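See below for the structure under consideration.
The values are calculated or read from the model by the stated rules, or taken from the named source; none is laboratory data. A quick note: this is a predicted structure, and the numbers were derived from the prediction, not measured. With ideal geometry, Cβ positions are generated from the backbone for all residues, glycine too; neighbour counts draw on all protein chains shown. Heads up: the accessible areas ignore ligands, DNA and RNA and are worked out on the full protein's heavy atoms, side chains in. Shrake-Rupley method; radii C 1.70, N 1.55, O 1.52, S 1.80 Å.
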2 protein chains.
Amino acid sequence: MIPTPYLLFLGDAPDQLAAKVAQGIKDWRPENAVGQFRLPGCGADVGLDDMTLEAAKAAGAQTLVIGVANRGGVISQAWKEVLIQALEMGFDLASGLHNLLRDENDLVAAAKVNGRTLHDVRIPSVAYPIANGVKRTGKRCLAVGTDCSVGKMYTGLAMDAEMRKRGLKSTFRPTGQTGILITGGGVPLDAVVADFMAGAVEYLTPDNDADHWDHIEGQGSLYHVSYSGVTMALVHGGQPDALVLSHEPTRKHMRGLPDYQQPSLEDLRDTALAMARVANPACQVIGISVNTQHLSEDEANAYLKEVEDRMGLPTVDPFRHGAGRLVDALEAL
Amino acid sequence: MIPTPYLLFLGDAPDQLAAKVAQGIKDWRPENAVGQFRLPGCGADVGLDDMTLEAAKAAGAQTLVIGVANRGGVISQAWKEVLIQALEMGFDLASGLHNLLRDENDLVAAAKVNGRTLHDVRIPSVAYPIANGVKRTGKRCLAVGTDCSVGKMYTGLAMDAEMRKRGLKSTFRPTGQTGILITGGGVPLDAVVADFMAGAVEYLTPDNDADHWDHIEGQGSLYHVSYSGVTMALVHGGQPDALVLSHEPTRKHMRGLPDYQQPSLEDLRDTALAMARVANPACQVIGISVNTQHLSEDEANAYLKEVEDRMGLPTVDPFRHGAGRLVDALEAL
């Protein structure tokens, strides 16, 4: 686990989009962030107080999180002075960038001298077991997509937030670097060695109270040929009791694969449910989450109604309308 | 690629089963082995000439292959004298053991001094790409199993051998350490990082002549919750034109998973074919390979006939009866 709370480092982010990791932390775990740190010329602002390292330290911050993505995922030399000063002041550093903190000699040296830890959340830090398939206590929900990047993480975070708002037992279980930084822990599933993928998901979602729900962050798609193996490990390692189908209706083809069409929601339902029932015969598809960001409000509502009528399942865009109806469906199980 | 031909090191193997890697090389690629090397007390014999290192070198051997598995997959101290002498004489070393040659300091030092290479075939030696899903030329056949360890590798090797016997263009494409040692190259798929699994399979089975068949070694099972993600990467990365269903009819439960039943051949056919057609809409199931080693000849023949009548597909045990009918089915496609 990454020590919280954080100070969010926005660096010299050129625009708001480049700070989406920091924005995710602010949106979903505001209690995890005491403030933001911006360099001159920073074009992003996630709406937290601007703080010096000293002020953040005084406010209890334990980790400086690099909440910015830049071209190529590199650790900019322009950031180094602040990063090293943070280590000297007793902060850990955390990053989900492609280039690793641990490969920067100056950061490694400063961390060592000051007894701090560099958290590269893209790299597994645990020797995960091989999955044993043993039935676990507690409940698990997994979003499976017609494609990659259709809103599965958002759906899980929104359902978790809604459940906790209702006083229900719920935990979001991250499987990618953004989710790991948001919550402070998880499994970077796409970086796990093949034999241990399903075991890593079992490790992430252990036995729990009978009325507790894990919301497991989905990855890839059973229909995306580049990443379907990762998705399959989530379906089998996660032993989901509930599946949510996630979809983005304006895609012309599978993400990054111009020759591949998206499957229908019916095909996704049948395939994912059959595979999930290998590990958990009681699994049900409980609803549909649609990312309607490229539709107008009227178009979105018409599309959601059409899908709901056709599929006979609660169909919502959790960003527009909240995840209440999906949580209602979980509670009704 | 591992330089061939080999001298097969059987060491102090207690029995024949412990030498099954060496036996596989002898059975499937006899041209890859000039002889065998046994220590005093060795209980295995794969039927090749016993040779000294000197004699093997004179016969052209380039690599000493550790063709023996012992408890825990460790590199025995009792072997070290021979292994180091082999490096000094100009042999490479190759091993599929769990413990790695590269972690033995004395072997690393001797390899360095003598300019030799240590081939740990459990570890990927290539930075595989992410799969791009682009349609490749040539044909590919993949065996998919109702369970792990049901004879998928054997099926692929037998079909490849039969095709080459008929003068057809064919290559066996190994995805596990035994297959890699048999042929001298391949992808250790269970050790590849999740994001690159399907890309590794694409790399293994590149564009080829239109009438050339790759026989891709299968791994795991879509129904085995520990390893199904690896299988999925083979189904999508391999873009198979043909699937063979592999089955072992006497299993009481899925291998290593006492609470899981094997799927029916019908379920496997439908699931694997639907997933394969995502990557290759022309894919067909062409036959069934049954491992009947635990059945008598009469029981085996009755079982094969029953399955063939029920499924309407050529159904053989390639160990008992050869892979001829499976290759006939490929040729008829």
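Would you call A:Ala127 farther than 30 Å from A:Arg251 by Cα, buried (at least 24 other Cβ atoms within 10 Å of the Cβ) and in contact with a Phe, Trp or Tyr (Cβ under 9 Å, 6 or more places away or on another chain)?
Criteria not met by A:Ala127.
Do you know which of the residues in segment B:32-49 that are over 19 Å from B:Asp92 (Cα atoms) and among the charged types (D, E, K, R) is most open to solvent (accessible area, probe 1.4 Å)?
Out of the qualifying residues, it is B:Asp49.
For segment B:319-330, what are the residues that are in contact (Cβ under 8 Å) with a residue 40 or more places away in the chain, at negative phi and open to solvent by 10 Å² or more (accessible area, probe 1.4 Å)?
Hits for segment B:319-330 are B:Phe319, B:Gly324, B:Ala329.
Go through segment B:249-293 and report how many residues are among the polar types (S, T, N, Q) and either in a strand (DSSP E or B) or under 21 Å from the mean Cα position of the chain (by Cα) (or both).
Residues in segment B:249-293 being among the polar types (S, T, N, Q) and either in a strand (DSSP E or B) or under 21 Å from the mean Cα position of the chain (by Cα) (or both): 5 in total.
Would you pick out the residues in segment A:258-269 that are within 12 Å of chain B (Cβ to nearest Cβ) and crowded, with 19+ Cβ neighbours inside 10 Å?
Within segment A:258-269, A:Gln262, A:Pro263, A:Leu268 qualify.
Please specify each residue of segment A:43-93 satisfying the condition of being closer than 22 Å to A:Val121 by Cα and hydroxyl-bearing (Ser, Thr, Tyr).
Matches in segment A:43-93: A:Thr63, A:Ser76.
From A:Gly220, A:Gly167, grab the single residue that is within 19 Å of A:Asp328 (Cα to Cα), at pLDDT 95 or above and out of contact with any Pro (no Cβ under 8 Å at 6 or more places or on another chain).
A:Gly167
Is there a residue being touching a helix residue (DSSP H, G or I) at 6+ places or on another chain (Cβ under 8 Å) and away from chain B (no Cβ under 14 Å) anywhere in segment A:219-230?
Checked segment A:219-230: no residue is touching a helix residue (DSSP H, G or I) at 6+ places or on another chain (Cβ under 8 Å) and away from chain B (no Cβ under 14 Å).
Do you know which of the residues in segment B:173-197 that are at the interface with chain A (Cβ under 7 Å from one of its Cβ atoms) and open to solvent by less than 30 Å² (accessible area, probe 1.4 Å) is nearest to B:Lys152 (Cα to Cα)?
Looking at the filtered set, the residue picked out is B:Leu189.
Residues of segment B:76-103 being among the aliphatic types (A, V, I, L, M) and within 23 Å of the chain's Cα centre (by Cα), which ones?
If the condition is that a residue be among the aliphatic types (A, V, I, L, M) and within 23 Å of the chain's Cα centre (by Cα), then B:Leu93, B:Ala94, B:Leu97, B:Leu100, B:Leu101 are the ones that fit.
For segment A:135-152, how many residues are open to solvent by 10 Å² or more (accessible area, probe 1.4 Å), within 14 Å of another protein chain (Cβ to nearest Cβ) and in contact with a helix residue (DSSP H, G or I) (Cβ under 8 Å, 6 or more places away or on another chain)?
1
Is segment A:148-157 home to any residue that is more than 22 Å from the chain's Cα centre (by Cα) and either under 30 Å from A:Ala329 (Cβ atoms) or modelled with pLDDT under 95 (or both)?
There is no residue in segment A:148-157 that is more than 22 Å from the chain's Cα centre (by Cα) and either under 30 Å from A:Ala329 (Cβ atoms) or modelled with pLDDT under 95 (or both).
How many residues are open to solvent by 70 Å² or more (accessible area, probe 1.4 Å) and out of contact with any helix residue (DSSP H, G or I) (no Cβ under 8 Å at 6 or more places or on another chain) when one looks only at segment A:85-112?
Qualifying residue count for the region: 3.
Could you please find all residues in segment B:245-256 being open to solvent by less than 10 Å² (accessible area, probe 1.4 Å) and within 14 Å of chain A (Cβ to nearest Cβ)?
Across segment B:245-256, the qualifying residue is only B:Met254.
Of the residues B:Ala276, B:Ala242, B:Ala272, B:Ala300, only one is hydrophobic (A, V, I, L, M, F, W, C), within 11 Å of another protein chain (Cβ to nearest Cβ) and buried (at least 19 other Cβ atoms within 10 Å of the Cβ); which?
B:Ala276
Looking at A:Tyr223, is it farther than 22 Å from A:Ile286 by Cβ and in contact (Cβ under 8 Å) with a residue 24 or more places away in the chain?
no
May I ask you to verify whether B:Ser170 is open to solvent by 10 Å² or more (accessible area, probe 1.4 Å), touching a residue at least 60 places away in the same chain (Cβ under 8 Å) and more than 8 Å from chain A (Cβ to nearest Cβ)?
Judged against the criteria, B:Ser170 is not a match.
Quick check: anything in segment B:200-213 within 30 Å of B:His253 (Cβ to Cβ) and more than 14 Å from every other protein chain (Cβ to nearest Cβ)?
So far as segment B:200-213 goes, no, none of its residues is within 30 Å of B:His253 (Cβ to Cβ) and more than 14 Å from every other protein chain (Cβ to nearest Cβ).
Among A:Ala59, A:Ala78, which is more than 14 Å from every other protein chain (Cβ to nearest Cβ), farther than 23 Å from A:Met1 by Cβ and open to solvent by 10 Å² or more (accessible area, probe 1.4 Å)?
Of A:Ala59, A:Ala78, the one residue that is more than 14 Å from every other protein chain (Cβ to nearest Cβ), farther than 23 Å from A:Met1 by Cβ and open to solvent by 10 Å² or more (accessible area, probe 1.4 Å) is A:Ala78.
Which is modelled with pLDDT under 95 and more than 18 Å from B:Leu181 (Cβ to Cβ), of B:Gly11, B:Gly67, B:Gly41?
Among B:Gly11, B:Gly67, B:Gly41, only B:Gly41 is modelled with pLDDT under 95 and more than 18 Å from B:Leu181 (Cβ to Cβ).
Given the conditions (1) surrounded by 15 or more Cβ atoms within 10 Å (Cβ to Cβ); (2) touching a Ser or Thr at 6+ places or on another chain (Cβ under 7 Å); (3) of a type outside the set (Gly, Ala, Ser), which single one is not true for A:His294?
(1)
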